[in-house]
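Accompanying notes for the structure given below.
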Amino acid sequence: TAPAAPGPRPASWARSVAASPGLPNLHRVNASLYRSAQPSRAGLVLLELRPSLAIGDAPINTVVSLRVFNDDPSLVATPSNLRLEEISFKTWHPEDEDVVKFLRIATTPALLPVLVHCRHGSDRTGTMVAVYRVVVEGWTKAEAMDEMINGGFGFHPLWQNLLRYIDALDVDALRAEVEAQGPWQ
């Protein structure tokens, strides 16, 4: 699927958020979903203080790490105001099971808003956000991949398999599986 021609940034694309140096590559997808690179301890401490990252948005409730080797639990105080969820999402081998888990978390009202991240906040995070855009928000696959590639999040062209994965998604089957499994507990 070819991306759209370059031009002005669409208003519907995720917007950069200047919150803290501890939250690199931070963007607001919508009031319920944010994306970033790996937060530092300072970034997670900031989120624990429960600030709103954008005017009118609720504070982040859940942080989802897509990293295979995740550092988040060691960076957060115990007990914490943040709920941490881990999905060992492999860039080289995306799996529907991981996508369903993410969609269940990202659509469970009690867990919102959610911040999803991987190491750079570009490829794995971009894939999950693109799938969310298609399955939850009704975007076309081409629109979601255009944002993923051209949105300024740092997509690495090496990972063409992620674009092929999105392009081959059975959207109706994913929606049905998320609905059948229900909210994340």
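Things worth noting here:
- Restricting the first member to the stretch 19-47 and to residues that are among the aromatic types (Phe, Trp, Tyr), and the second to residues that are buried (at least 23 other Cβ atoms within 10 Å of the Cβ) and part of a strand (DSSP E or B), the beta-carbon pairs closer than 6 Å and six or more apart or on different chains are TYR34/LEU115.
- Entirely in the stretch 80-183, the helices (runs of 4 or more DSSP H) that have 2 or more residues that are under 12 Å from the mean Cα position of the chain (by Cα) and in contact (Cβ under 8 Å) with a residue 24 or more places away in the chain: 96-106, 124-135
- The number of residues in the stretch 34-69 that are within 19 Å of LEU111 (Cβ to Cβ), touching a Gly at 6+ places or on another chain (Cβ under 8 Å) and in a loop (DSSP other than H, G, I, E, B) comes to 1.
- Subset of the stretch 99-123 (residues that are aliphatic (A, V, I, L, M) and more than 15 Å from GLN181 (Cα to Cα)): ALA110, LEU111, LEU112, VAL114, LEU115, VAL116
- Condition check for VAL178: within 19 Å of LEU66 (Cβ to Cβ) and open to solvent by less than 70 Å² (accessible area, probe 1.4 Å): yes
- If the condition is being closer than 21 Å to MET148 by Cβ and in a loop (DSSP other than H, G, I, E, B), then the stretch 15-33 contributes VAL17, LEU23, PRO24, ASN25, LEU26, ALA31, SER32.
- One residue from VAL114, VAL134, VAL129 being open to solvent by less than 40 Å² (accessible area, probe 1.4 Å), hydrophobic (A, V, I, L, M, F, W, C), more than 21 Å from GLU86 (Cα to Cα) and at pLDDT 95 or above: VAL134
- Residues of the stretch 148-168 satisfying the condition of being open to solvent by less than 30 Å² (accessible area, probe 1.4 Å) and in contact with a helix residue (DSSP H, G or I) (Cβ under 7 Å, 6 or more places away or on another chain): MET148, PHE153, PHE155, LEU162, LEU163, ILE166
- Among the residues here, ARG124 does not qualify as under 17 Å from LEU23 (Cα atoms) and surrounded by fewer than 17 Cβ atoms within 10 Å (Cβ to Cβ).
- Inspection of the stretch 69-82 identifies no residue that is modelled with pLDDT of 90 or more, more than 22 Å from ALA11 (Cβ to Cβ) and open to solvent by 60 Å² or more (accessible area, probe 1.4 Å).
The values are calculated or read from the model by the stated rules, or taken from the named source; none is laboratory data. Note that the coordinates shown come from a computational prediction; the quantities given were computed from them, not determined experimentally. Methodologically, a virtual Cβ is constructed for each residue, glycine included, from the backbone with ideal geometry; neighbour enumeration extends over all protein chains shown. Side chains included, ligands, DNA and RNA excluded: accessible areas come from the protein's heavy atoms. Shrake-Rupley method; radii C 1.70, N 1.55, O 1.52, S 1.80 Å.
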